[in-house]
Amino acid sequence: MLNRKYFPFERNSYYFGKLLTAKDFEAEQRYFNDKRRFLNRLTGADGILSGLGVIRADDASVVIQAGCALDASGREIVAPETRVVKLSTIEGFAQLTSSCAYLGISYQETPADRVYAVMAQEGAGEDSYNRVREGYKLTLLDEALVARVPQPIDEFIDRQVIYSDGDIEVAQYLPRYLPLGSSINLRVELRKIGPGAEEYSFCYELAAPNFEDAEGNRSIQVGLDHVKLACGDCKVLNYILTPEPHVWSGGGSVAVTITDFAVQRSGEVFNLNQNIELLIKPVNSGLEEFCLAHLYSKSMDKLLEESYDERLWIAKIDLIRQDEQVIIDSVAPPPFGQYTYNAQQLMLLRRLEQYYPDSAAPRTYGAPAPAQPPESYQPEAQAAVRDTACGVFELGIGLGHDQKETIFSDEIMHGLGKGPVYVQVGVEYISSAGPGEEVSEILLGDVDLFADADGNARDERVYNLSAAIKVLPERGTFIVGLRLHETTGLISLRIRWYAFRLGEIDKQLKPAHGGERYILINPDTIVLPPKGTAHISPVFINMPTEACNFRLVDAEGGHIDQSGVYTAPAKEGVYEIRVEAISDPSIYTHAFAIVSQKKKEE
């Protein structure tokens with residue numbers, strides 16, 4: 001039965017003396033088939049359940065193993081026995097034009113057991129069929145004509161093909177969502193999809209200003225050098241990115257940008273002259289909670305009405321063409337990893353985890369065999385210890401707030417772990433500088449010092465308030481308390497906070513004794529106008545003067561060269577500069593650049 005509509009569910013109602021016709025028996029079959037396929041569609045998904053492996057038999061034939069699968073309509077595709085099939089007998093073979101073809105399998109019904117129907121509807125004495133045999137049909141299609149099959153994981157993982165030329169493909173996999181308190185894994189694949197073997201190199205920069213990799217970098221250099229690949233080979237890189245704590249309080253998506261992509265093959269270099277921006281949406285719930293809520297929120301009619309290809313692609317076949325002859329070169333497993341896991345398999349995996357407690361291999365549901373580990377360098381999957389953090393939050397005060405009351409924030413996690421930290425807060429004021437452009441100012445400390453041009457009164461946009469911070473070292477959090485000395489018409493204040501691990505501050509203030517080597521920046525805070533320049537001069541304690549590595553923590557914080565000359569960006573703000581000793585990067589310190597338009601006016 002080729003029916004693809006599940007509704008309405010109607011079954012026969014039997015009563016004594018009812019006349020049953022062919023239509024009634026067909027309705028009986030349709031009811032049970034639709035119910036079963038309906039459940040298959042919603043609970044089993046589509047994919048291979050067992051077997052259906054494809055093996056090269058000779059130059060012209062393949063072996064298709066017995067197996068079972070579910071198609072996108074929930075129908076069972078069953079190959080009851082292993083058989084040898086010549087490619088030339090498969091539908092679509094004559095239309096192949098390339099050296100790579102995909103082998104597909106789909107559900108098929110054929111009439112069987114021909115009989116003579118005495119009471120045929122269209123006239124007596126016509127032949128009919130006593131049975132309908134359920135089976136399968138094989139199809140061959142050129143690789144270029146096969147669209148990638150959407151997978152359920154695509155709703156959560158953004159697959160971005162950065163480069164593809166029919167010979168190799170560079171694809172990046174990045175989560176679309178950021179669960180609360182979670183890091184993310186950036187996965188990059190270099191895959192050889194064309195025939196032959198060759199050496200390849202590629203590189204690009206991933207600008208992630210709201211994330212840090214295992215080494216504390218916010219700009220990640222991604223790439224492989226001189227990797228030799230044969231057809232079907234794949235090299236994988238993984239980078240663990242740790243988000244800044246403030247991303248969950250901002251309310252919007254955070255962006256990462258792919259820039260400066262280049263690939264080299266056969267001595268030729270190809271550059272991608274465009275940037276690719278990807279968005280990651282922070283969510284205020286854990287991974288499992290968010291994933292289940294997202295899936296359960298989808299409407300059933302939308303799921304069932306989606307268009308889909310009812311073929312399952314069970315093999316990729318590389319061909320060698322010699323004049324009119326086509327020879328099978330190799331056969332690869334299902335190209336899209338169309339497998340369906342059942343409850344028994346998942347339960348077995350859970351039970352096996354009890355016997356492999358130290359296994360670090362990630363689960364890769366959706367493919368039967370994990371990719372080979374890369375031979376090149378792969379960053380360690382662990383977060384670096386951070387010494388500074390910053391963030392912003394809205395503190396609700398209520399309309400017409402009584403200035404005698406103290407307002408307290410919720411408990412805020414600074415992300416530096418347990419232990420003593422120093423926290424400073426200020427009020428962020430945002431004003432319009434023109435159509436579509438905003439300017440922000442952050443005031444910390446005694447706001448009365450910021451008077452108008454005549455020095456008589458405070459700027460009317462600046463609110464007179466007192467602030468205090470309560471740090472909870474054992475919890476890795478802090479609480480902000482504010483008291484307004486004047487009634488305002490606001491219902492909330494935008495609070496910007498900065499946190500520093502005390503060990504880092506001690507490194508700046510430690511006296512020169514004990515023989516420990518360290519670096520100081522004097523002064524460690526500079527104020528300059530937008531586009532202004534300043535020279536950062538390190539002071540070496542208990543160690544000879546040497547070259548240093550200067551690095552901006554914020555990718556948008558301007559520019560600093562390796563001689564220490566810093567050029568401020570056009571945007572106002574507070575930017576952090578990290579200074580490391582070349583001989584020993586564990587010896588480092590920080591400086592802060594305050595970029596202010598008022599400095600330019602002075």
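The values are calculated or read from the model by the stated rules, or taken from the named source; none is laboratory data. Given the structure is predicted, the values throughout are model-derived calculations rather than measurements. Methodologically, a virtual Cβ is constructed for each residue, glycine included, from the backbone with ideal geometry; neighbour enumeration extends over all protein chains shown. The accessibility values were calculated without ligands, DNA or RNA, using every heavy atom of the protein model including side chains. Shrake-Rupley method; radii C 1.70, N 1.55, O 1.52, S 1.80 Å.
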**Message:** For the range 71-119, give me each residue that is open to solvent by 30 Å² or more (accessible area, probe 1.4 Å) and hydrophobic (A, V, I, L, M, F, W, C).
**Reply:** VAL78, VAL84, PHE93, ALA94, VAL115, VAL118, MET119
**Item:** Hey, ASN238 open to solvent by 40 Å² or more (accessible area, probe 1.4 Å), farther than 24 Å from ARG496 by Cα and at pLDDT 85 or above or not
**Value:** no
**Request:** Assess whether VAL188 counts as being closer than 30 Å to GLY74 by Cα and in contact (Cβ under 8 Å) with a residue 24 or more places away in the chain.
**Result:** no
**Request:** Could you run through the range 554-577 and say how many residues are crowded, with 19+ Cβ neighbours inside 10 Å, outside any loop (DSSP other than H, G, I, E, B) and modelled with pLDDT of 85 or more?
**Result:** 3
**Item:** Single residue of the range 386-397 satisfying the filter (in contact with a Gly (Cβ under 8 Å, 6 or more places away or on another chain) and open to solvent by 20 Å² or more (accessible area, probe 1.4 Å)) that is modelled with the lowest pLDDT
**Value:** ARG386
**Asked** Which condition number does VAL161 fail, the rest of (1) in contact (Cβ under 8 Å) with a residue 40 or more places away in the chain; (2) in a strand (DSSP E or B) being met?
**Response** (1)
**Fill in**
Output for Cβ contacts, cut-off 7 Å, separation at least six or different chains, first residue without any contact (Cβ under 8 Å) to a residue 40 or more places away in the chain in the range 555-578, second among the acidic types (Asp, Glu) and surrounded by fewer than 19 Cβ atoms within 10 Å (Cβ to Cβ), reads PRO569/GLU556; TYR575/ASP554
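Quick check on this structure: which one of GLU198, GLU189 is open to solvent by 30 Å² or more (accessible area, probe 1.4 Å), in a strand (DSSP E or B) and not polar (S, T, N, Q)?
None of the others qualify; the one that does is GLU198.
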**Prompt:** Of the residues ARG501, ARG551, ARG496, which is among the charged types (D, E, K, R), surrounded by 17 or more Cβ atoms within 10 Å (Cβ to Cβ), within 38 Å of the chain's Cα centre (by Cα) and at pLDDT 85 or above?
**Reply:** ARG551
**Item:** In the range 135-165, the residues that are open to solvent by less than 50 Å² (accessible area, probe 1.4 Å), within 30 Å of ASN271 (Cβ to Cβ), at pLDDT below 85 and more than 10 Å from the chain's Cα centre (by Cα)
**Value:** GLU143, VAL146
**Prompt:** Do we find that ARG56 is open to solvent by 80 Å² or more (accessible area, probe 1.4 Å), farther than 26 Å from ILE153 by Cβ, without any contact (Cβ under 8 Å) to a residue 60 or more places away in the chain and out of contact with any helix residue (DSSP H, G or I) (no Cβ under 8 Å at 6 or more places or on another chain) in this structure?
**Reply:** no
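Suppose we filter LEU49, LEU19, LEU42 for residues that are under 30 Å from ALA101 (Cα atoms) and either open to solvent by 70 Å² or more (accessible area, probe 1.4 Å) or touching a residue at least 12 places away in the same chain (Cβ under 8 Å) (or both); which single one remains?
Criteria check complete, one pass: LEU49.
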**Prompt:** Could you count how many residues in the range 241-252 are in a strand (DSSP E or B), open to solvent by less than 20 Å² (accessible area, probe 1.4 Å) and either in contact with a Lys or Arg (Cβ under 8 Å, 6 or more places away or on another chain) or not hydrophobic (A, V, I, L, M, F, W, C) (or both)?
**Reply:** 1
**Item:** Qualifying residue in the range 220-227 (condition: touching a residue at least 60 places away in the same chain (Cβ under 8 Å), more than 23 Å from ASP318 (Cβ to Cβ) and out of contact with any Lys or Arg (no Cβ under 8 Å at 6 or more places or on another chain))
**Value:** yes
**Message:** Name the residue that is nearest to the chain's Cα centre (by Cα), counting only residues in the range 70-122 that are among the hydroxyl-bearing types (Ser, Thr, Tyr) and not in a strand (DSSP E or B).
**Reply:** SER73
**Message:** With the requirement that a residue be in contact with a helix residue (DSSP H, G or I) (Cβ under 6 Å, 6 or more places away or on another chain) and modelled with pLDDT of 85 or more, what does the range 522-541 give you?
**Reply:** PRO529
